[in-house]
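K.L.:
Sharing a structure below in structure tokens format, with a few things to ask.
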Amino acid sequence: MRKRSFGPFAAIKVTPATIFSPLVAWVTWPKLLESSRMNPKGSVLTRGLNARHIRFMALGSAIGTGLFYGSSSAIQKAGPAVLLAYIIAGAAVFMVMRALGELAVRHPVSGSFGQYASRYLGPLAGFITGWTYVFEMAIVAIADVTAFSIYMGFWFHDVPRWIWVLAIIFFLAAINLLSVKVFGELEFWFSIIKVGAIIAMIAGGVAIIVFGFHMDGGEAVPGLNNLVNHGGFMPNGWIGLLAAFAVVMFAFGGIETIGVTAGEAKDPGKSIPAAVNTVPVRILLFYVLTLGVLMTLIPWNQITGETSPFVQIFDSLGIPLAAHILNAVVITAALSAINSDIFGSGRVLFGLAQQGHAPAVFGKISRSGVPWMTVVLMTGVLLVGVVLNATIPEDVFLVIASIATFATVWVWIMILASHVAMKREIANKAIAPSNFPVPLWPLASILTAVFMAGVIVLLGIYPETRVALYVGAIWLVLLTLAFKLWVRGDGRRRPTLLDETTLSPVGRLAPEAAGAK
């Protein structure tokens with residue numbers, strides 16, 4: 001078929017996206033914004049997420065753009081040794097999640113780690129942590145919409161990426177203006193699709209290896225020797241393995257959103273621990289086993305970043321139907337990731353507004369219990385993704401992923417620091433012990449913090465990711481200045497958080513400590 005050449009706006013009349021996006025905006029947004037007037041009951045979020053929602057959100061949060069698309073970059077850097085990177089990074093992430101889980105069970109609040117940092121490290125730390133998480137989610141969401149546009153290119157080669165980006169932004173923003181229960185149900189079904197597809201893909205890959213199916217060109221699938229035949233298990237040495245960590249950590253970014261759900265969970269004391277404790281199984285199943293199977297099906301050095309490696313591999317094996325099905329699955333994963341990005345950033349912004357760390361308008365709740373102005377803000381930020389995909393479509397993903405990695409790791413370090421401060425206070429003030437304590441305390445937490453600091457250093461070593469440190473440093477300086485110049489009153493006091501372990505308020509500091517900065 002002859003390829004068409006499109007000018008900047010020539011595709012508008014011929015693509016489904018350009019019809020879909022304005023239609024969603026025109027039909028849904030006026031009604032949604034009308035329903036988003038101030039809730040007469042005040043600024044209180046609705047506890048509309050039940051254990052089923054949170055359990056599947058926990059499963060699904062590990063399956064996103066970082067796995068379905070970003071894994072190709074990690075594989076190119078480390079080869080089969082990328083499996084070690086996922087195991088090591090996964091162990092560190094599990095310890096972060098256990099620390100967050102202990103904090104969230106004791107203090108199930110909507111602002112999550114932003115409020116924990118304010119309470120245990122001081123208002124400035126909380127301000128920086130909360131806004132850095134919002135920044136992280138905004139950057140990750142731009143990466144996710146970029147990946148979504150790349151996936152759509154598998155079917156529609158001639159359609160400019162920015163059109164798909166524009167379409168999905170309006171659609172998911174409309175979803176997030178509905179009640180949190182709608183969000184939870186959508187994530188439940190997204191997660192079922194993703195988890196089911198991963199399990200089916202692993203089973204199919206194992207069957208191909210065991211029964212010796214042939215590739216499209218007639219060559220038999222080599223199998224396990226693909227992991228060592230092309231330069232060895234660690235073809236690029238330790239340098240390649242270390243370089244992969246930036247992309248690997250990006251893949252785990254967003255997993256901390258489970259902590260954000262505590263403020264809207266019906267029974268956080270049970271649902272949060274259940275979700276956190278599934279992290280090791282999710283990492284081994286969704287990352288290590290899945291990528292191990294993929295790299296036995298096709299040599300690692302044949303995996304490119306032109307589309308999802310999952311789609312590429314099954315396409316190379318001459319199973320076009322499977323490739324199309326998997327492309328639909330990775331599109332679902334991208335939709336789920338963007339949906340969670342908007343949700344997570346919105347709830348943390350809501351918490352920041354409650355503390356006096358963000359404009360009060362972000363604390364306004366719609367009649368359906370949604371902080372609607374946060375959704376509007378994220379929609380505006382995501383429109384930057386339209387510009388980036390129209391101007392630098394080839395380089396946008398790696399740049400965004402490295403910046404997102406910095407923001408993600410910074411938030412995780414602050415979670416660990418808040419947790420350490422909480423544990424010290426529990427010991428010093430003889431407060432009731434936690435219902436969900438971190439294992440191997442304090443050794444595991446110390447090693448995890450050292451590892452996270454090492455990832456920050458790695459970002460500065462490699463030229464392609466060094467921009468993340470520049471952007472991150474500027475961001476932290478700007479936040480510090482913003483806090484000093486604009487935050488006043490309650491925003492400069494440590495918040496009092498209800499301790500669900502003892503059912504009594506903790507954190508009432510002496511006046512001089514309460515004014516700490």
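K.L.:
From a point 7 Å beyond the Cα of Asn435 in the direction of its Cβ, which residues of segment 95-119 have a backbone N at a distance under 14 Å?
P.N.:
Those under the cut-off are 101-109.
K.L.:
Quote the convex hull volume per residue of segment 165-210, based on C-alpha atoms, as a whole number of Å³.
P.N.:
Numbers: hull volume 2.9 nm³, N = 46.
Spelled out: Cα convex hull of segment 165-210, divided by residues, is 63 Å³.
K.L.:
Taking a ≥ b ≥ c as the square roots of the eigenvalues of the Cα gyration tensor of segment 402-466, is the shape rounded (a/c under 1.5), prolate (a/b larger than b/c) or oblate? Each step should come with its number before you reach the end.
P.N.:
Working: a/c = 3.59, a/b = 2.85, b/c = 1.26.
Verdict is prolate for segment 402-466.
K.L.:
Suppose R0 equals 45 Å. What FRET efficiency, 1/(1 + (r/R0)^6) with r the Cβ-Cβ distance, do Asn229 and His157 give to the nearest 0.05?
P.N.:
Numbers: r = 33 Å, r/R0 = 0.73.
For Asn229 and His157, the calculated efficiency is 0.85.
K.L.:
Turning to a different aspect of this structure: Residue-wise, which Karplus ³J(HN,Hα) couplings in Hz belong to segment 96-108, taking 6.51 cos²θ - 1.76 cosθ + 1.60, θ = phi - 60°, and x for glycine or proline?
P.N.:
Karplus-based 3J(HN,Hα) across segment 96-108 equals 4, 5, 5, 5, 5, x, 5, 5, 5, 5, 6, 10, x Hz.
The numbers here are math on the coordinates, done by the rules we state, and not lab data. Keep in mind that this is a model prediction, so the values were computed, not measured. Cβ sites come from the backbone with ideal geometry, for glycine too, and all protein chains shown count toward neighbours.
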